[in-house]
Every structure is written in structure tokens, then in C-alpha cells.
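Note sheet for the following structure.
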Amino acid sequence: MLTGQANNNIAGEERAFETRDFYLACFLRCTGYDLVNLRAEGRHKVFVFRDRPTRRDDVLAFYSQGAMVPPLAFSATIKDMKALLHNA
């Protein structure tokens, strides 16, 4: 399963990271990544973030359960992202 990919399609040379994984997207938002676009892809949405040099390590930490975020902040981010999905 492909969870994300990097590309250069935001504002010229700025790098972006795309994912279809809702909870990874919530984690990235919660840890300060800038959400720059939400794109429809069929029935699904693609979350597009401004990339960071540490993104690979951040994503691996998320999937290996080695990342820590405040639980209430993560919960609030999930609610915000769901609202964004339903209003997009």
C-alpha cells in the first residue's frame, strides 16, 4: 500500500508530500506540517503537505509507534480534519 509520495508541484521548487492515509495526515498536522492542499482522487482525498527534511523519519516513527503527540491535540486534529473532508 502506497501511503505517500514526495513531489515538487507546489509553488515552483517547494517540495510536497502527499498521502491518502487519514490518520497519518492527522499526525502530520498535529506535529506542525502545513497542509497546502486537499485534492479529490476519485472517491478519495489526497492530503498534500509542505515537505520537510525530517518527513521520512517522522512517517517511520508514526508507523512504528515511536512518535509522541499530545492525545487531546491529536483528537482535536482528527475532528478538524474530518470537518475539512466533509466540507471540501
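Of the residues that make up the range 26-33, is at least one under 22 Å from Lys82 (Cα atoms), among the basic types (Lys, Arg), modelled with pLDDT of 95 or more and out of contact with any Lys or Arg (no Cβ under 9 Å at 6 or more places or on another chain)? Yes, that holds for at least one residue.
Scanning the range 25-74 for residues that are in a helix (DSSP H, G or I) and surrounded by 15 or more Cβ atoms within 10 Å (Cβ to Cβ) yields Ala25, Cys26, Phe27, Leu28, Arg29, Cys30, Arg55, Asp58, Val59, Ala61, Phe62, Phe74. As a summary of the residue check, Arg15 satisfies the conditions (1) within 14 Å of the chain's Cα centre (by Cα); (2) modelled with pLDDT of 95 or more except for the one numbered (2). Checked against (1) out of contact with any Lys or Arg (no Cβ under 8 Å at 6 or more places or on another chain); (2) at pLDDT below 95, Thr3 passes all but condition (1).
Of the residues Arg43, Arg55, Arg50, only one is free of Cβ contacts under 8 Å to residues at least 60 places away in the same chain, in contact with a strand residue (DSSP E or B) (Cβ under 6 Å, 6 or more places away or on another chain) and more than 13 Å from Leu24 (Cβ to Cβ); which?
Values: Arg43 fails: in contact with a strand residue (DSSP E or B) (Cβ under 6 Å, 6 or more places away or on another chain); Arg55 fails: more than 13 Å from Leu24 (Cβ to Cβ).
Being free of Cβ contacts under 8 Å to residues at least 60 places away in the same chain, in contact with a strand residue (DSSP E or B) (Cβ under 6 Å, 6 or more places away or on another chain) and more than 13 Å from Leu24 (Cβ to Cβ) holds for just one of Arg43, Arg55, Arg50, which is Arg50.
The values are calculated or read from the model by the stated rules, or taken from the named source; none is laboratory data. Given the structure is predicted, the values throughout are model-derived calculations rather than measurements. We place every Cβ from the backbone using ideal geometry, glycine too, and count neighbours over all the protein chains shown.
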